[in-house]
Amino acid sequence: MSDKHVVYLDAAATTPCSSDVMIAMKPYYSEHFGNPSSAHVFGRRAKIAIQDATRHIAKLINCSESELIYTAGATESNNLVVLGSVQPGGNMIISPIDHKSVLASAEEMRSRGVEVRRMRVDSRGRIDVNHLRQLVDSSTGLVSFCYVNSEIGTYQSITSVRQALGNSDALIHVDASQALGKLPIDVRRHGIDFASFSAHKIGGPKGVGVLYARAQSMNKLRPITFGGGQSALRSGTLPTPLIVGFGAAAKLISEQDLRSSWKSAAKKRSMILEMFSKQGIPYQINSPSNYCVPHILNLSIPGVRSETLMSCLSNVCVSSGSACNAQDLAPSHVITGLGYSKNRAECAIRISFPYDIDNIELHAAVEEIVNALSSLIALTQE
Ligand SMILES: Cc1ncc(COP(=O)(O)O)c(C=O)c1O
């Protein structure tokens, strides 16, 4: 997971395409370039490749193939649900630490006459289900939340959220784009209506995602794009190579042993913290110690702004939060959403790694971070 010198510790932002994925995609850019909607042989070939990929994705999350709608990524999947599920006069419930693609589309719905309610989260980022119980009423059309938070790694109990909704008819949407490959996902067992996924978070290509829409709930969504009606809720020519790559990545992920990947990531997380402690680097952990995937570790270093640290690192890629926030110097809404100060949010860094990163590489990268921090801390004490 590195070029010659640079170690990539930003897997929550995106992952590289594996060679198997690249090999699978390549012929669909040139030899088999047909439009999957065309009835001729080139079209039929593309359609078969898409059907094959769809089988792998459906198997991975346990749904039927007709319940999957391809999109340009999790941003579009989230928009499709938030913009298309609640009528003016109704209300939707979201969480304050959701991804911006949910928060911003919910804001849009507010301007169209939908009431947007925010459920409380605790200092670990876990949904306060008692508060959710109080918020839900007969006008609630949608409850949306992130399964695994992209900045801190906290995961939610989907069962507890479902139970808190009681007999409500509210639709449940889960943004599961950070969960694939980290937690088992079985959309049927979870009893959810919609779930968003993105290929580039699991070793697939950028620019393709999928929305799972439960067969019985699909007709409760209104499309946000109009045209050829290539799939039930989304128009536009399907990007065959990207979908083939997504399918190949899904197949690879389904062959992974989640337990051993989890254990390996947990060991690496401990190693990082140990190295910080050994070098006397003060830190505050923003990722909770339980209900958190170990592949994402978020820390604040008091007095060292994350941008300053990142500008001192030449051979390591970490981030200050979600990739979408990188241009935006405002402190992370996730860290402040946990109740922490603006100051703490400004000093937050996210280290996220694939579980199979080489220990030697990881060690060298953390050493560079620790050395940079020691110098920066010394400067603040001069
Ligand atoms: C939780 C979550 N939701 C949505 C997205 C957006 O995904 P995409 O880049 O596929 O639009 C991301 C990506 O950062 C994410 O982490």
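The values are calculated or read from the model by the stated rules, or taken from the named source; none is laboratory data. Since this is a predicted model, take the numbers as computed values, not measurements. Neighbour counts run over all protein chains shown; Cβ positions are idealised from the backbone, glycine included. For the accessible areas, the whole protein counts, side chains as well, though only heavy atoms, and no ligand, DNA or RNA atoms are used. Shrake-Rupley method; radii C 1.70, N 1.55, O 1.52, S 1.80 Å.
What the table shows:
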read-out: Selection count, the range 265-281, where residues are surrounded by 14 or more Cβ atoms within 10 Å (Cβ to Cβ) and touching a Pro at 6+ places or on another chain (Cβ under 9 Å); value: 5
read-out: Residue check, Val334 among the aliphatic types (A, V, I, L, M), open to solvent by less than 40 Å² (accessible area, probe 1.4 Å), modelled with pLDDT of 95 or more and under 22 Å from Ile94 (Cα atoms); value: yes
read-out: Those residues of the range 148-169 which are away from the ligand (no atom under 15 Å from the Cβ) and open to solvent by 30 Å² or more (accessible area, probe 1.4 Å), in sequence order; value: Ser157, Thr159, Ser160, Arg162, Gln163, Gly166, Asn167, Ser168, Asp169
read-out: Long-range neighbours under 7 Å by Cβ, at least six apart or interchain, first residue without any contact (Cβ under 8 Å) to a residue 24 or more places away in the chain within the range 232-243, second outside any helix (DSSP H, G or I); value: Ser235/Thr225; Ser235/Phe226; Ser235/Gly227; Ser235/Gly228; Ser235/Gly229; Gly236/Thr225; Gly236/Gly227; Gly236/Gln230
read-out: Qualifying residue in the range 259-280 (condition: of a type in the set (Phe, Trp, Tyr), closer than 24 Å to Thr14 by Cβ and within 16 Å of the ligand (Cβ to nearest atom)); value: no
read-out: Filter result (out of contact with any strand residue (DSSP E or B) (no Cβ under 8 Å at 6 or more places or on another chain), hydroxyl-bearing (Ser, Thr, Tyr) and in a loop (DSSP other than H, G, I, E, B)) within the range 274-311; value: Ser289
read-out: Selection within the range 159-178 - of a type in the set (Val, Ile, Thr) and closer than 20 Å to Ala12 by Cβ; value: Val174
read-out: Test result for Asn35, assigned by TED's automatic domain parsing to the domain that holds Arg120, open to solvent by less than 60 Å² (accessible area, probe 1.4 Å) and within 23 Å of the chain's Cα centre (by Cα); value: no
read-out: Residue ranges of helices (runs of 4 or more DSSP H) in the range 18-95 with at least 1 members free of Cβ contacts under 8 Å to residues at least 12 places away in the same chain; value: 19-25, 41-61
read-out: Sole exception among (1) of a type outside the set (Lys, Arg); (2) outside any loop (DSSP other than H, G, I, E, B); (3) surrounded by fewer than 24 Cβ atoms within 10 Å (Cβ to Cβ); (4) away from the ligand (no atom under 11 Å from the Cβ) for Gly113, by number; value: (2)
read-out: Ile185 vs. criteria open to solvent by 10 Å² or more (accessible area, probe 1.4 Å), within 15 Å of the ligand (Cβ to nearest atom), closer than 19 Å to Val143 by Cα and not acidic (Asp, Glu); value: yes
read-out: Qualifying residue in the range 135-146 (condition: touching a Phe, Trp or Tyr at 6+ places or on another chain (Cβ under 8 Å), open to solvent by less than 30 Å² (accessible area, probe 1.4 Å) and within 16 Å of the ligand (Cβ to nearest atom)); value: no
read-out: Any hit, the range 170-181, residues being in the same structural domain as Arg45 (by TED's automatic domain parsing) and open to solvent by 20 Å² or more (accessible area, probe 1.4 Å); value: no
read-out: Number of the exception - Ser77 against (1) more than 16 Å from the ligand (Cβ to nearest atom); (2) closer than 30 Å to Pro27 by Cβ; value: (1)
